[in-house]
Amino acid sequence: MAPWPEVEKPETNNYIGDSSKQNQNMAGKEGENHKGNVASLGNKGEIQPAFSTIALIDETRPEDDPWALPELQDTGVKWSELDRKGKIIRVLYGIGKFVMLLGLLYLFVCSLDVLSSAFQLVGGKAAGDIFKDDSVLSNPVAGLVIGVLVTVMVQSSSTSSSIVVSMVSSTLLTVQSAIPIIMGANIGTSVTNTIVALMQAGDRNEFRRAFAGATIHDFFNWLAVFALLPIEVISGYLYHLTNVIVESFHLESGEDAPELLKVITDPFTKLIIELDKSVINAIATNDESAKNRSLVKIWCVTEANVTLQNVTIPPSENCTSSDLCWTDGNMTWAIRNVTETKYISKCRHLFAESNLPDLAIGLILLALSLLVLCSCLVMIVKLLNSVLKGQVASVIKKTINTDFPFPFTWLAGYLAMLAGAGMTFVVQSSSVFTSAITPLVGIGVISIERSYPLTLGANIGTTTTAILAALASPGSTLKYSLQIALCHFFFNVSGIILFYPIPFTRLPIRMCKTLGNITAKYRWFAIFYLLVCFFLLPLFVFGLSLAGWPVLLGVCLPLFALFIAVVVINIMQTRRPHSLPEKLQNWDFLPIWMHSLEPWDNIIMSSLSFCGKHCCGFCKCCKVNAEQEGAKDNQLKTMEVYENTVAMADEERGGRRAPAAACVEKTGTNNTAL
């Protein structure tokens, strides 16, 4: 380091001595040596370089792992330090928080149910119309994206599966053509927990973990489809396997499947809305009269009476028997069973007496359910953060995330899978279960590695529920509904076999962490991902499929080959860059907007800031977030500033001897450069 400039005034020696004394208190013997050196050179008017206190700090600071589970420290008074009154108050507070948590979870599940009803009101009839085109459904790729779109529109894989069963039992669709639709429904049902993860975008690290924990379900479903759909199209193994199982049993219609969670939530949700889901099935099966019917159920208690009546029939119809059919002049009469529906009592939900169209009711419920969903999620996260601290958090983390000792380490993941399947069977919905664990992953109670088997177990649990529901189907649809449910079950089992047993094949974990890092840095990318994967990409492929196989293959195959090439080059750039040509060792030869999100981020942030000037509420939110981010950055910078007594004395005397001394920078070797 270059020596200090000469000091013109001898008064400087006074504070040189003070500086050496401060260094003596901080550095021991080094301070004493430094004091002697400064004293010997003080008479000459020269100042040696000041020793920085940074040297007292560990030079190698390990970077924090963003995926490490945070320690939720208990900042309150310890239990042992409380008196009897304080302990009673803390216990009552804990019971109150637990009751409030149960109430919020109940409202959270009910809001998911109402959200599904709202989506069905908005897009249910359109979903039924999509299923009407038999020529498109025979294309497996089109069937796949139709399954994704319909499930996203109705927010329920069970609803889309019931539509498929109705079409198969009506001979409008074959089981082979229904299998890709079921695969698509498996993808579409994972959009719910991805939406839930967006609610934790306030904290960067929480959002990183929550979004990764939600999208691990997406990546597993997409990878399973990419691997198994071509195999199914070529070999038909799912169809043949399930057909053998169904044919080997003498099936009879059973009792209704158990509805465990519905018993608790239906009394509340039926006060808000009730739907007649047979309308969507009727539209899908080409019933023209269903187009003018409303999805909102008006009459909840009806009675059907079947009577024999004399009715006129067209002359073209032949009389099956002279006793049941006769001709009177120019008219042909027949005795037939006529069903008359007697309406007994109306439903009691909010919209039973409303004259609003289905679209308006659906939009109202969509806004209200999203508001309740977001509010419940925010409060659940805050409650969990206040409850899961100290010993409680450590016990839960060890219980959920700890592996068994060698050689039974592998067993913990499969037990988590069984737990996920059991919990999904209890709540009767994989969307509810995965949406419930998403905030737990965000706050750091459940690790990404443990949420993966839990999610796979949820996939298995929802198929077992479908199998039980299929066994309770009427005799006309029993075979087809059971075969489709078994196809769904074996599809998920096949995906688990491919992407779980061997640690190297657990690609969804690495993929979701990569996406989590991107969305933590560029939070708008989460919405972009949601729109592309669940709306734009399926709509694009569906539009191409309408044009036929030649157009679909001619467009999709080159794009897919380009995508695979980019992925392979990225992997080689990371692991073996020298094996690539010099130009392909990085993407710098492309325009920056093609290989970096930074330009797009600048455009989006500038657009949002422009809009924020015209929106007070948004502007205030942006200012608050900016102030919080700035406070964090200032806090980090303040921790890296170290005292330099010579520079402080210069400031006190008001003299600026060197412009370079005005800016102290931290170098890579943890020394101050002046």
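Readers should treat all values here as calculations from the given coordinates under stated rules, not as data from a laboratory. Please read these numbers as outputs of a predicted model, since none were measured by experiment. Every residue, glycine as well, gets a Cβ built from its backbone with ideal geometry; the counts of neighbours run over all protein chains shown.
Computed values, structure above
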read-out	value
Inter-site label distance for F408 and C611 at 7 Å from Cα along Cβ, in nm	5.5 nm
Added length on full extension, which subtracts the Cα-Cα distance from 0.36 nm per residue, I502 to V568	21.6 nm
Net charge over other residues, Cβ less than 14 angstrom from the Cβ of I592 (K, R count +1; D, E count -1)	-3
Extension gain, I344 back to L597 (0.36 nm per residue minus Cα-Cα distance, nm)	85.0 nm
Nearest-0.05 FRET efficiency for N286 and N243, computed from C-beta distance (R0 30 Å)	0.70
Highest-first arrangement of 547-557, 529-539, 568-578, 178-188, where packing means the average Cβ count within 10 Å	178-188, 529-539, 547-557, 568-578
Cα centroid separation, the range 438-465 to the range 151-225 (Å)	15 Å
FRET E, pair S354, L101, Förster distance 35 Å, beta-carbon r, rounded to 0.05	0.55
Distance between modelled label sites at L82 and C556, nm, 7 Å Cα→Cβ extension	6.0 nm
Highest average packing first - 106-112, 263-269, 493-499, Cβ atoms within 10 Å	106-112, 493-499, 263-269
FRET efficiency, F540 to L468 (Cβ-Cβ, R0 30 Å, nearest 0.05)	0.25
Residue-span extension gain [Y93 to L580] - 0.36 nm each, minus C-alpha spacing	169.1 nm
Which listed pairs, of K125/K270; K97/K270; K125/K277, have C-alpha distances above 19 Å, in listed order	K125/K270; K97/K270
